[in-house]
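**Q** Mind having a look at this structure? Questions to follow.
The values are calculated or read from the model by the stated rules, or taken from the named source; none is laboratory data. Since we're looking at a predicted model, the values are computed, not measured. When the accessible area is computed, the model is the full protein with side chains, heavy atoms only, and any ligands, DNA or RNA have been set aside. Shrake-Rupley method; radii C 1.70, N 1.55, O 1.52, S 1.80 Å.
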Amino acid sequence: MITFGGIVVIRFSLDKIMKDRGLEQKDIVSITGINRNTVKALASNANARIDFPTLNTLCRTLGVLPGELIEYLPEDEEESR
C-alpha cells in the first residue's frame, strides 16, 4: 500500500483476487513460486513496492492484467471506505 501524506492512494488487490477464487497464500506460493513472505506482504498490503518480475509472474499465473492487481484510490474514495 502506498500512502502520500497519510492517505492511501494505491493498494495491491491480491487479497481480493484470492478471496474471489478461494485461494490462500500457500496456494499462491505454490502456483507462482513467489517467496512466502512476499506473498504475505502483498496480500496484506504491507509492501510499498512490487518488482516487475513478481508482477509479471502473478499476472501470468493468475491470468490477470496489472490493473487488476494494482488499484488506484483517489483521496475522496479512500475517505469513504
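**Q** Order the following by accessible area, largest value first: 51, 20, 27. Probe radius 1.4 Å; ligands, DNA and RNA are ignored.
**A** Sorted by accessible area, descending: 20, 51, 27.
**Q** Of 24, 71, which has the most accessible area and how do the rest follow, probe 1.4 Å?
**A** The ranking, largest first, comes out as 24, 71.
**Q** Would you kindly find the accessible area of residue 30, with a 1.4 Å probe and non-protein molecules such as ligands, DNA and RNA excluded, rounding to the nearest 10 Å²?
**A** Roll a 1.4 Å probe over it and residue 30 shows about 90 Å².
**Q** Need one value: the accessible area of residue 16 in square angstrom, 1.4 angstrom probe, rounded to the nearest 10.
**A** 80
**Q** Would you kindly state how much longer the chain becomes between residue 29 and residue 48 on full extension, computed as 0.36 nm times their sequence separation minus their alpha carbon distance, in nm to one decimal?
**A** 4.9 nm
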